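The values are calculated or read from the model by the stated rules, or taken from the named source; none is laboratory data. In this text, all values refer to a predicted model and were calculated from it rather than measured experimentally. Here the Cβ is made from the backbone with ideal geometry for all residues, glycine too, and neighbour counts use every protein chain on show. For accessibility, only protein heavy atoms count, side chains too; no ligands or nucleic acids. Shrake-Rupley method; radii C 1.70, N 1.55, O 1.52, S 1.80 Å.
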Amino acid sequence: MGKETKEGLRVVLDTNVFVSALLFRGETAKLVRWWQEGKIVPVVTGETYDELVTALKYPKFKLSAEESKAVMNEEVLPYIDVIEVTHPVKGTSPDPDDDKFLSCAVSGKTTYLVTGDKGLLSLGQYRGLRITGVREFIEKMEKK
């Protein structure tokens, strides 16, 4: 089974950004359209993917198991690039739990990590990776 290469700007979206894009209207929803159009390619690892699946099951989102599965199968899986962590990052983010997003970004050779997390945003960049908020990322994309 050959791996098809997806074109588009490779990005890591943290779990909260992913959930907001999928479930809420507004600016963040533009990300879904962009990944469906191939302008961006969300890059995930097994760990970040599992966190997204778990988050969509939170009771506050009121999704049934079937709805949660449908969102993943129809809105996410066809468009993401699932990668192996080849460059683990440890002890870099103020919150050790957020290092998985840096590991994903570096291993997946992405340009941006899009997050609302203040700890990650405080880093600004990491090994050439730009760490940016949703609004800033959307503004950059709209200028292209």
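Stretched out straight at 0.36 nm per residue, the stretch from Ser64 to Glu47 would grow longer than its current Cα-Cα span by 3.9 nm. Whole-Hz Karplus values for segment 77-94 come out as 3, x, 10, 8, 10, 8, 10, 8, 6, 10, 10, x, 10, 9, x, 9, 6, x Hz, taken residue by residue from phi with 6.51 cos²θ - 1.76 cosθ + 1.60 and θ = phi - 60°; glycine and proline positions read x.
Here the calculated FRET efficiency for Glu7 and Thr92, from their Cβ-Cβ distance with R0 = 30 Å, stands at 0.55, rounded to the nearest 0.05.
Positive contributions from Lys and Arg (+1) and negative ones from Asp and Glu (-1), summed over other residues with Cβ under 14 Å from the Cβ of Asn73, come out at -3.
Which whole-number value in Å² is the accessible area per residue of the chain, probe 1.4 Å?
On the way: 8180 Å² over 144 residues.
Here the per-residue accessible area is 57 Å².
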